[in-house]
Amino acid sequence: MPIESQPIENILNRAEDTYEEKATQIEIENLSFWYGSNKVLHHLNLSIPEKTVTAFIGPSGCGKSTLLRCMNRMNDMIENSRYEGSIKVMGQDIFDPKLHVIELRKRVGMVFQKSNPFPKSIYENVIYGLKIAGLGEKSALDEVAERSLRNAALWDEVKDRLHESAFTLSGGQMQRLCIARALAIEPDIILMDEPCSSLDPIATANIEELIYQLKSRYTIIIVTHNMQQAARVSDKTAFFYLGELIEYDLTENIFMKPKDEKTEDYVSGRFG
Amino acid sequence: MNSWYKKLLSDQGEKFVWLSAMGLTVGIIMITSLIVLVLVRGLTVFWPKDITYFEFTADYDNWQRGDILAGIVADRETDVHHSIQSDAAADTELKLYIANRIYNNSQFIWVPENAVRMISKPDNIFSVHTLDMGELFVKPLKLVYNNGTEVLSNSPGFQKQLSQSLRENNALREEISRIERGALSRINKELLDIQLELRRLELDQDFSEAEIERIRSELSERLILANQQNERIQQQILELRESLNRIRFEFEVQHDRQDSISLGDIVQIYNPNRMNPVQKLGVFIVSLWDFLSEFPRAANMEGGIFPTIVGTFVMTVLMSILVTPVGVMAAVYLHEYARNNLFFRLIRTSVSNLAGVPSIVFGVFGLSFFVYFLGGGIDNIFFQDKAALNIPTFGTGGILWASFTLALMTTPVVIVATEEALSSVPSGIKEASAACGASKWQTIRKILLPAARPGILTGLILATARGAGEVAPLMFVGVIKLAPSLPIDGEFPFVHLDRKFMHMGFHIFDLAFQSPDSEAALPMAFATTLLLLLLVILMNFVAILFRNRLRHAYDQDTF
């Protein structure tokens, strides 16, 4: 039976890992966010545990991507944006003016909706973050490149053509390259903004498998529109609606016994 | 009632294909005719044409019936009256190229067609290219050596003797110019240095009497030495010139007049009427090569245009080196750092408008700012002694200031093109770079600029094309009619940024409007035009190849 048409209860997170609560790594307190005069996040409170996969779901424009981009301060690049409240990553307030945003981004890696490799070779793409940070030793770079590509399950496919353009890869390979690039800087947290939205089902399955592999070492937050995907890969799920956090619980609970009516409507496909 | 054109306009048919195709056709016709005209008029200059004898069938001007004239038909026009009105005046007139500038007032004459008739293409008429008397159409008589021996033109060894002597003379002339450019210019520099030292001695108060005396005597020794050397070299040149003039060439020109010139004044002799096309091609190639590789002579009307090629090329390269960093950096700031407020919008508009400012305005600015203010300032600080002798170094037009002026003129082009190229880089890879922990500057340097490089190069190509062909501003800041030396040569420091230079665009203007016989210089002007076109096309072509290589380095199809 094709994955996409299976009932939710069949595809929920693998039965063997029973989730046990872990230490909090990201603590969001009373966060509000504006683009110009448009308030897109309303007083959010959320704690995300380490070494788990957390999915953000909700209809388009509900602010889930904005929240994700707050966590590595990607929204700094947008003019006229403003926030209130705080986000603590590993106990450190990321909005602290004394904190260097570059240090934060080395701790919090990101994979984007549209795969965006640099117009460079595959190898150069992977080691970009290290080179930027000033690491120049060839053997060390080679080692990191191999390890990252292996972790991103791409090594076997590209090991013979590391110095070819990244644009020779397929869409799914490019997205895994972007994941390898994020892994190379050895972050603690990986933010994924709809990483599979432009991929075919096989590439999607590959990425999901990869996420599952990675969660023992990294905290992963994934924004997705695909309910099945959230059910398949995540341990915990947060449902957002119109800039507010409606419900945040174990994925099983969100899908099987949602407390809020809106959540139930959304996960059962009645709107969104 | 006016529905027919409404119908036309609203019709689904492809009528407007014709309109747009017409626009393209007009454009193609204009470009093709320009290129064909320049090609034909530029290249035919060097092709040896047959010389014809014309006989006057009526009295005309100061020619009498029965006079015979050697010439080439250069043009034929009806219903115009270039010639002096006379009884023989007709509606159709011929423009004859009769060369022999030193015997006639002009190398061209207009005669009524019915006043002359072609009689023959004689075997024994030669085209003689002289150093500074233009071209001569003559009947050779004999070669006369210093020692009195003569070689008659109808003797079997004449041709061989002639061409061998010409080859020897060419070698001698090269030797002379080598000495003039080498040893002689070194001595002139030494003389100038001594003069400067003396002047410094006068100005400086720090020396004691004894020291001044000592330096003075040293300098006068140097002066004597330099003068001796000078004399020796002048003597050497004199000897070379004498041996250059060891043979005289005697000939007959029209009206059965006899004359002779030194063989040393002759560059090339050939007999077009007796040559087959292959031989003509040989002459064509030699003439073309001389044109490319030689210095101009006889008020630029003779010789080659080598210095103008070098001048144009060096200036364009210098300009590109100057304009690229400034233009690119300005565009990076405008695109990446500047906020989108009124001030920067104003600046952006100004930059775009600056591209439309007439180039002469930049020339005036270059003269007053670069030459007088900057150059004068540099002279006052670094070349005090020369400035005291009223010898400007940078305080006068030169290739550096010309390049600066053109760089200023083309900066807006580069800024606009670079900004566009930066905008076309997808924002996704900028974000990806930031997410990898890159600072803004790192992102610009490692990601944005490399990705925008083809677009930046396009801007640079446009700027180069505009700069290379510009003439008006250059006249203010360093272009001259005849430069004694090249901006690049074997003399230390090899690149002479303070030197004045020659430029092909200005050379065309000079030939066409400022030479003593502009009609005669016009073919040269066309040949120079052709070369300027070729140079600009060549430089663009190289840049485009380079850009394409960059594009293919990493195929960006997926964007």
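Once neighbouring chains are kept in place and the probe is 1.4 Å, which whole percent of the accessible area of region B:316-408 is contributed by carbon and sulfur? Display every interim value, and only then the final one.
On the way: 3420 of 4770 Å².
Ligands and nucleic acids excluded, carbon and sulfur give 72 percent.
Mind giving me the FRET efficiency for B:I544 and B:N147? R0 is 60 Å, r the Cβ-Cβ distance, nearest 0.05 is fine. Don't jump to the answer; show the numbers that get you there.
Values: r = 61 Å, r/R0 = 1.02.
Once rounded, the FRET efficiency stands at 0.45.
Can you give me the Cα centroid spacing of region B:406-444 and region B:199-256 in angstrom?
Using only Cα atoms, the two centres lie 58 Å from each other.
Is there a simple number for the mean count of other chain Cβ atoms within 10 Å of the Cβ of residues in A:182-192, and what is it? Walk me through the numbers before you get to the answer.
Values: counts 3, 0, 1, 3, 0, 3, 0, 0, 0, 1, 0.
For this peptide, the per-residue mean of nearby foreign Cβ atoms is 1.
If I take R0 = 41 Å and measure r between the Cβ atoms of B:E213 and B:R178 in this structure, what FRET efficiency does the formula 1/(1 + (r/R0)^6) give, to the nearest 0.05?
The formula returns an efficiency of 0.55 here.
Along the positive direction of the dipole of region B:173-300 (beta-carbon charges: Lys, Arg +1; Asp, Glu -1; about the Cα centre), which of B:N271, B:A299, B:S260 reaches farthest?
The residue sitting farthest along the positive end of the dipole is B:N271.
For A:N253 and B:F369, what is the calculated FRET efficiency with R₀ set at 60 Å and r taken between the beta-carbons, to the nearest 0.05? Spell out each step's value before the answer.
Working: r = 75 Å, r/R0 = 1.25.
The pair A:N253/B:F369 has a calculated efficiency of 0.20.
Length gain on complete extension for the stretch B:F492 to B:I68, per 0.36 nm per residue less the alpha carbon to alpha carbon distance?
Values: separation 424, 0.36 × 424 = 152.64 nm, distance 5.67 nm.
Extra length available between B:F492 and B:I68 comes to 147.0 nm.
Roughly what % of DSSP beta bridges within the protein assembly as shown run antiparallel, to the nearest 5? Each step should come with its number before you reach the end.
Working: 71 of 89 bridges.
Restricted to the protein assembly as shown, the bridges split so that about 80 percent are antiparallel.
How large is ³J(HN,Hα) for each residue in region B:178-189, as worked out from phi by the Karplus curve 6.51 cos²θ - 1.76 cosθ + 1.60 (θ = phi - 60°), to whole Hz, x for Gly and Pro?
Listing the rounded values in order: 5, 5, 5, 6, x, 4, 5, 6, 5, 5, 4, 5 Hz.
Show me, for region B:216-225, the HN-Hα J-couplings you get by feeding each phi into the Karplus relation (A = 6.51, B = -1.76, C = 1.60, θ = phi - 60°), rounded to Hz, glycine and proline as x.
My calculation for region B:216-225 gives 4, 5, 4, 5, 5, 4, 4, 4, 4, 4 Hz in order.
What accessible surface, in Å², does a 1.4 Å probe find on B:R339, ignoring ligands, DNA and RNA and rounding to the nearest 10?
Only protein atoms counted, so the area is about 140 Å².
First check a/c for region B:279-423, with a ≥ b ≥ c the square roots of the eigenvalues of its C-alpha gyration tensor; if it is under 1.5, answer rounded, and if not, answer prolate when a/b is larger than b/c or oblate otherwise. Could you put the intermediate results ahead of the total?
Numbers: a/c = 3.09, a/b = 1.47, b/c = 2.10.
Oblate.
With θ set to phi - 60°, apply the Karplus curve 6.51 cos²θ - 1.76 cosθ + 1.60 along region B:391-404 and write out the HN-Hα couplings as whole Hz, x wherever there is a Gly or Pro.
Taking θ as phi minus 60°, the curve returns 9, x, 9, 9, x, 9, x, x, 5, 5, 5, 4, 5, 4 Hz for region B:391-404.
If I model a spin label at B:D59 and B:I31 as a point 7 Å from the Cα along the Cα→Cβ vector, what separation in nanometres do I get?
With each label point 7 Å from Cα toward Cβ, the separation is 5.8 nm.
Quick one: net charge around A:L44, please, counting Lys, Arg +1 and Asp, Glu -1 for every other residue with C-beta under 9 Å from its C-beta.
Working: positive: none; negative: A:E29, A:E244.
My count for the surroundings of A:L44 gives -2.
Compute the distance from the alpha-carbon center of region B:445-496 to that of region B:109-161, in whole Å.
So the separation of the two Cα centres works out to 46 Å.
Let me know the Rg and Dmax you get for region B:300-386 when you use only its Cα atoms, in Å.
Rg, Dmax (Cα atoms, Å): 18.6, 59.
7 Å from Cα along Cα→Cβ at both B:K121 and B:D193: what's the point-to-point distance in nm?
6.0 nm
Along the charge dipole of chain A, which of A:S47, A:A145, A:T224 sits closest to the positive end, that is, farthest toward it, with unit charges on the beta carbon of Lys, Arg, Asp and Glu (+1, +1, -1, -1)?
Value: A:A145.
Could you run the numbers on buried accessible area between B and A, total for both chains, 1.4 angstrom probe, in Å² to the nearest 100? If you can, show how the numbers build up before the last one.
Details: alone 31010 and 12970 Å², together 41850 Å².
The B and A chains share an interface burying roughly 2100 Å².
Residues of A:113-121, mean number of Cβ from any other protein chain within 10 Å of their own Cβ, rounded to a whole number?
Values: counts 1, 5, 3, 11, 5, 10, 13, 7, 2.
Going residue by residue through A:113-121 and averaging, the value is 6.
Starting from 0 in steps of 20 Å, tell me what percent of the Cα-Cα pairs of the protein assembly as shown lands in each bin.
Going out from 0 Å in 20 Å bins, the protein assembly as shown shows 11, 27, 25, 19, 13, 4, 0 percent.
Pairs B:K386/B:K500; B:K95/B:K280; A:K88/A:K138; B:K121/B:K160; B:K139/B:K160: which are spaced more than 26 Å apart, C-alpha to C-alpha? Mind showing how you got there, number by number?
Values: B:K386/B:K500 17 Å; B:K95/B:K280 23 Å; A:K88/A:K138 35 Å; B:K121/B:K160 23 Å; B:K139/B:K160 17 Å.
Going by Cα-Cα distance, A:K88/A:K138 fall outside the 26 Å limit.
Using modelled backbone amide H atoms (1.01 Å from N, in-plane), which distant-in-sequence or interchain residues come within less than 5 Å of B:R297's amide H?
Under 5 Å from the amide H of B:R297 lie the amide H atoms of B:E302, B:G303, B:G304, each far enough along the sequence or on another chain.
Could you tell me which of the pairs A:K215/B:K440; A:K64/B:K430; A:K39/A:K259 are separated by over 24 angstrom between their Cα atoms in the structure shown?
Working: A:K215/B:K440 31 Å; A:K64/B:K430 21 Å; A:K39/A:K259 26 Å.
Check vs 24 Å cut-off fails for A:K215/B:K440; A:K39/A:K259.
Using a 7 Å offset from Cα along Cα-Cβ at B:S352, what residues in region B:414-442 end up with backbone N under 15 Å from the label point?
Zone members listed by number: B:414-421, B:423.
For B:R167, B:R274, give me the order by solvent-accessible area with a 1.4 Å probe, most accessible first, ignoring ligands, DNA and RNA.
Accessible-area ranking of B:R167, B:R274, largest first: B:R167, B:R274.
Send over the per residue convex hull volume for region B:391-436, Cα only, as a whole number of Å³.
Working: hull volume 4.4 nm³, N = 46.
In region B:391-436, the Cα convex hull volume per residue is 95 Å³.
What are the semi-axes of the equivalent ellipsoid for region A:138-251, taken as the square roots of 5 times the Cα gyration tensor eigenvalues, largest first, in whole Å?
Over the Cα atoms of region A:138-251, the ellipsoid semi-axes are 28, 16, 11 Å.
Taking a ≥ b ≥ c as the square roots of the eigenvalues of the Cα gyration tensor of chain B, is the shape rounded (a/c under 1.5), prolate (a/b larger than b/c) or oblate? Could the numbers behind the result be given before it?
Numbers: a/c = 2.44, a/b = 1.23, b/c = 1.98.
In terms of gyration-tensor shape, oblate.
Given contacts defined as C-alpha pairs under 8 Å and at least six residues apart, what's the relative contact order of region A:116-217, whole-number percent?
Values: 101 pairs, mean separation 36.0, N = 102.
Relative contact order, region A:116-217: 35 percent.
Order B:Y60, B:Y333 by their accessible area, 1.4 angstrom probe, all chains in place, largest first. Don't jump to the answer; show the numbers that get you there.
Working: B:Y60 10, B:Y333 110 Å².
The most accessible residue leads, giving B:Y333, B:Y60.
If a/c stays under 1.5 just call it rounded; otherwise compare a/b with b/c (prolate if a/b is bigger, oblate if not). Do that for chain A, with a ≥ b ≥ c from the square roots of the Cα gyration tensor eigenvalues. Before the final figure, lay out the partial values.
Working: a/c = 1.80, a/b = 1.24, b/c = 1.45.
It comes out oblate by the Cα gyration axes.
Report the residues of region B:503-526 in range of a label on B:D259: point 7 Å along Cα→C-beta, backbone N strictly under 20 Å from it.
B:516-521
More than 22 angstrom separation, counting every C-alpha pair in region B:306-553; what % is that? Display every interim value, and only then the final one.
Working: 18579 of 30628 pairs.
Cα-Cα pairs in region B:306-553 separated by more than 22 Å: 61 percent.
Starting from the Cα of B:R186, step 7 Å toward the Cβ, then list every residue of region B:224-257 with an amide N under 15 Å from that point.
Once the point is set 7 Å along Cα→Cβ of B:R186, B:225-234 turn out to lie under 15 Å by backbone N, inside region B:224-257.
Relative to the isolated chain, which residues of region A:130-161 have their accessible area cut by 50 Å² or more in the presence of all protein chains (1.4 Å probe, heavy atoms, no ligands or nucleic acids)?
With the partner chains in place, region A:130-161 has these residues losing at least 50 Å²: A:I132.
Which order do the peptides B:490-500, B:145-155, A:233-243 take when ranked by the mean count of other beta-carbon atoms within 10 Å per residue, highest first?
Values: B:490-500: 14.0, B:145-155: 11.7, A:233-243: 23.5.
Ranking, from highest mean packing down: A:233-243, B:490-500, B:145-155.
To the nearest 20 debye, what charge dipole does region B:121-164 have about its Cα centre, counting +1 at the Cβ of each Lys and Arg and -1 at the Cβ of each Asp and Glu? Write down the numbers at each step before the final one.
On the way: 4 positive and 4 negative charges, 33 e Å.
With only Lys, Arg, Asp and Glu charged at Cβ, the dipole is about 160 debye.
For region A:51-135, take the alpha-carbon Rg, divide it by the Kirkwood Rh, and send me Rg/Rh. Each step should come with its number before you reach the end.
Details: Rg = 14.9 Å, Rh = 15.2 Å.
We get a ratio of 0.98 for region A:51-135.
Would you rank A:S216, B:S165 by solvent-accessible area, highest first, keeping every protein chain in place and using a 1.4 Å probe?
Values: A:S216 80, B:S165 5 Å².
Of A:S216, B:S165, the descending order of accessible area is A:S216, B:S165.
Count, for each residue of B:426-433, the Cβ atoms from other chains sitting within 10 Å of its Cβ, then give me the mean as a whole number. Don't skip to the end; give the middle numbers.
Working: counts 3, 2, 8, 6, 2, 8, 14, 5.
Average neighbour count from other chains, rounded to a whole number: 6.
Provide the packing ranking of A:115-126, A:135-146, A:79-90, i.e. peptides ordered by the mean count of other C-beta atoms within 10 Å per residue, highest first. Write down the numbers at each step before the final one.
Values: A:115-126: 23.7, A:135-146: 13.3, A:79-90: 15.2.
Top of the packing list down: A:115-126, A:79-90, A:135-146.
When only Cα pairs under 8 Å and 6 or more residues apart are kept, what is the percent relative contact order across chain B?
Numbers: 787 pairs, mean separation 77.7, N = 559.
Contact order relative to length: 14 percent.
What residue among B:S220, B:P487, B:G437 has its Cα farthest toward the positive end of the dipole of the protein assembly as shown, where the charges are +1 on Lys, Arg and -1 on Asp, Glu, each on the Cβ?
B:G437
The values are calculated or read from the model by the stated rules, or taken from the named source; none is laboratory data. Everything quoted here is computed from the prediction, not taken from an experiment. Neighbour counts run over all protein chains shown; Cβ positions are idealised from the backbone, glycine included. Only protein heavy atoms, including side chains, enter the accessible area calculation; ligands, DNA and RNA are left aside. Shrake-Rupley method; radii C 1.70, N 1.55, O 1.52, S 1.80 Å.
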